Amino acid sequence: MLLLLLIAISVIQVSSPAEELFLESTSSGIPKMDIAVVDFVRKNLGPGSTGAAKPHEVIVNDLKLSGRFNVFPMNTLDTVTMHKKNIAVFIEGTIDQSKGNTIFECFLHDAYSLNLITGKRFNVKDNAVRKAAHLFSDEVVYQLFGEKGIATTKIVCTMRGPKGKDVCVLDYDGYNPVYITRNNYINLTPAWSPDNQAVYYTSYRDKTPALYKTFIYTGQTVRLTPNAMLNFSPTSNPIDSRIAFASTVHGNSEIYIMEGDGTDIARLTFQGSIESSPCFSPNGYEITFTSDRTGSPQIYIMDSEGTNVRRLTFEGKYNASPSWSPKGDKIAYQSMVEGVFNICTIDIEGGAVQQLTTKSGNNEHPSFSADGRLIMFSSTRAGASDLYIMNADGSNQTRITTGGGYEFPEWSGR
Amino acid sequence: MKENVKKIVLAAVAGACLLTGCAGQVAVVNRAEWEQQKQEIAALKAGIGGLQTSVEKLHDEEMKQLKLINADLRVLFSDLSRNLNVVSGKLEENQYNLEKLSKTTTQLTERKFVVRSVAGRDSLLQDTVVAEDKVDVQKLFKIAREDFNAKDYERARKEFEELNAKFPDDNLADDCRYWAAECYYVQKKYKEALEQYREVVEKYPTGDMGPAAMFKMGLCYKGLSDKKNMEKTWTDLISKYPNSDEAMQAKARTGN
């Protein structure tokens, strides 16, 4: 992101009291911390172990994706090179797979004093190595920035199946897919519950497109909307667990709100136009949504009672899929530019727009990470639709899935 | 006397017989006419029936036409309403572009002032101060909104109130008052919120925030379990701002 910093207006009095001087300075990007990750030393390799577990590679990927570090992978510990490159901190560790499980120790050191900043020891099964490495990545971010990282968060999205589309949950870096639906029907627009224990989505499993809630650990599924009309785009209030969604139950698509169990439905919008894609603000008090009430789809904000509706976007002919940043200051959305969708962000107050993607293909359905520093989205830039992560300023765009068919990503909370 | 009575009775009977005979003859004549009239009536009836059928046909035709016209009018009206919305959207976009231009102009004015003042001329001082005030309100409003979004409601409320007090004539003055009320409302301090919303409605009756403030007043009454005032406020809202989104909300909630 190009951050335009108006640093100061300093007044220098020389001869005339009205004599002034403007100082304007621009700075690009956010300063990143340089960190080295040394390949973990393999101590023992037991008879049943493959040796494939490389937690340091997972950590390198996490730190790169976090947008906070310049990462320098190293084969061996080389403090001289580190000092030459002015690297401030480094990570090293060991792996022991001699006793069936994988035992690995990770240490974060100050590169100058070599003092230990933090260290962790994990004793896990082979298939849990990635998760343990993610935990250490989050610990590194916490130790160095005082804020918890997002390496253990997850993504819910739809994935093209043999006959329909299924809802699945992935690690934030695209690994470990777990299917929430496997019913050969079309399942769409998934969203997390605030406690990250359940997923709301639209499914045609009972022939009519209704909203469902599936608990990801038990698999228990509940139908939330009894009507036979189209109900879609659920989003849950982070404060009181109510659900806002779009429905055609009164003819055209309007926004409705209901309790988390599907009771107490209230209508929020009354326009004759198409209202869709609601998303709650982080304090749960406002809802952003798409409406074509003025002829073209634009982003609007209202409060969760349906009052004080105001238009947010005025640039572009087609703006949709708004997603509120966790800090509450920005909304990311998809905007049609020269025939394809690109991801943009807009300031809630002031309305400054920033276009983040410029690649060919459609870039759609943005969703912020819990720390507000990253945005997940789907893109067809490489052909089929895959998931990508970028920094919230548009830099460091990284593909995290391959094979295509991934759509409607939503990032979980921490 | 009795003889006289008998005579009169006989005379009456004879008279009656004569009369009856006469009457029978008249009835025979009338029957023929009757038959003719009957035929005429039947013919007339047939005529009327025919007329009725054609009138009904015409009526049906008319109704069909009317329905078509009605449907056309509905489509036309819906198109008009849609177009009106599009035009209002365009207006909003123009307004947005104008504001953007105005901001640029303000910035340019400030720079111009600086350039001139450096050259020893400070005639634009007054204009610049006014321009800076406007920019400040927007910036400060943004800061207060960010505090609201960060759930720091007390801090945000103080900021909104201060802004409203310092810049009572600014375009954002009613917004500041409204958001100060929102800070109370979100904390479920309904009495305090009610007062603030009322001020928005009373002090800025033509402002944008009127309908939202009135609707929220109803919700405050609901929070205070005052159903009567809630319904009254919403009825007033429906009559005062009948085309607003909030009036629709109020209608839906009151069942009107």
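The values are calculated or read from the model by the stated rules, or taken from the named source; none is laboratory data. As the structure is a computational prediction, the values presented were derived from the model and not from experiment. Cβ placement follows ideal geometry from the backbone for every residue including glycine, while neighbour counts extend to all protein chains displayed.
Points worth noting:
- Scanning region A:291-323 for residues that are farther than 16 Å from A:ILE257 by Cβ and in contact (Cβ under 8 Å) with a residue 40 or more places away in the chain turns up A:ILE299, A:THR313, A:ALA320, A:SER321, A:PRO322, A:SER323.
- Among residues of region A:345-369, those that are part of a loop (DSSP other than H, G, I, E, B) and either on the phi < 0 side of the Ramachandran plot or charged (D, E, K, R) (or both), counted: 10
- Looking across A:ASP173, A:ASP206, one residue alone is assigned by TED's automatic domain parsing to the domain that holds A:ILE243, in contact (Cβ under 8 Å) with a residue 40 or more places away in the chain and assigned to a loop (DSSP other than H, G, I, E, B). It is A:ASP173.
- When residues of region A:351-381 are limited to those that are closer than 25 Å to A:GLY149 by Cβ and of a type in the set (A, V, I, L, M, F, W, C), the one nearest to the other protein chains (Cβ to nearest Cβ): A:PHE368
- Considering (1) buried (at least 17 other Cβ atoms within 10 Å of the Cβ); (2) within 23 Å of the chain's Cα centre (by Cα); (3) under 25 Å from A:GLN197 (Cβ atoms), the lone condition that A:GLU147 does not fulfil carries the number (1).
- Of all residues in region B:67-94 being more than 23 Å from the chain's Cα centre (by Cα) and surrounded by 12 or more Cβ atoms within 10 Å (Cβ to Cβ), the one that is farthest from the other protein chains (Cβ to nearest Cβ): B:LYS90
- Scope region B:132-160; condition surrounded by fewer than 18 Cβ atoms within 10 Å (Cβ to Cβ), away from chain A (no Cβ under 13 Å) and either farther than 19 Å from A:GLY351 by Cβ or of a type outside the set (D, E, K, R) (or both); matching residues: B:ASP133, B:GLU154, B:ARG155, B:LYS158
- Pair list, Cβ under 6 Å, 6 or more apart: region A:377-401 residue within 18 Å of A:GLY339 (Cβ to Cβ), other residue of a type outside the set (S, T, N, Q) and in a loop (DSSP other than H, G, I, E, B): A:SER379/A:GLY361; A:THR380/A:GLY361; A:ARG381/A:LYS359; A:ARG381/A:GLY361; A:SER385/A:GLY404
- If the condition is being part of a loop (DSSP other than H, G, I, E, B) and among the hydrophobic types (A, V, I, L, M, F, W, C), then region A:236-257 contributes A:ILE239, A:VAL249.
- Members of region A:307-350 found to be among the small types (Gly, Ala, Ser), away from chain B (no Cβ under 12 Å) and within 16 Å of A:GLU286 (Cβ to Cβ), listed by number: A:SER323, A:ALA332
- Every residue from region A:258-296 that is among the aromatic types (Phe, Trp, Tyr) and assigned to a strand (DSSP E or B): A:PHE280, A:PHE289
- Given (1) closer than 27 Å to B:ALA165 by Cα; (2) buried (at least 21 other Cβ atoms within 10 Å of the Cβ); (3) within 14 Å of chain A (Cβ to nearest Cβ), index of the condition B:MET230 fails: (1)
- Among the residues of region A:234-287, those that are within 12 Å of another protein chain (Cβ to nearest Cβ), in contact with an Asp or Glu (Cβ under 8 Å, 6 or more places away or on another chain) and of a type in the set (D, E, K, R) comprise A:GLU254, A:ARG267, A:GLU275, A:GLU286.
- Across region A:82-89, not a single residue is classified as charged (D, E, K, R) and under 19 Å from A:GLN143 (Cα atoms).
- Taking (1) crowded, with 23+ Cβ neighbours inside 10 Å; (2) at pLDDT below 95 in turn, A:THR290 satisfies each apart from (2).
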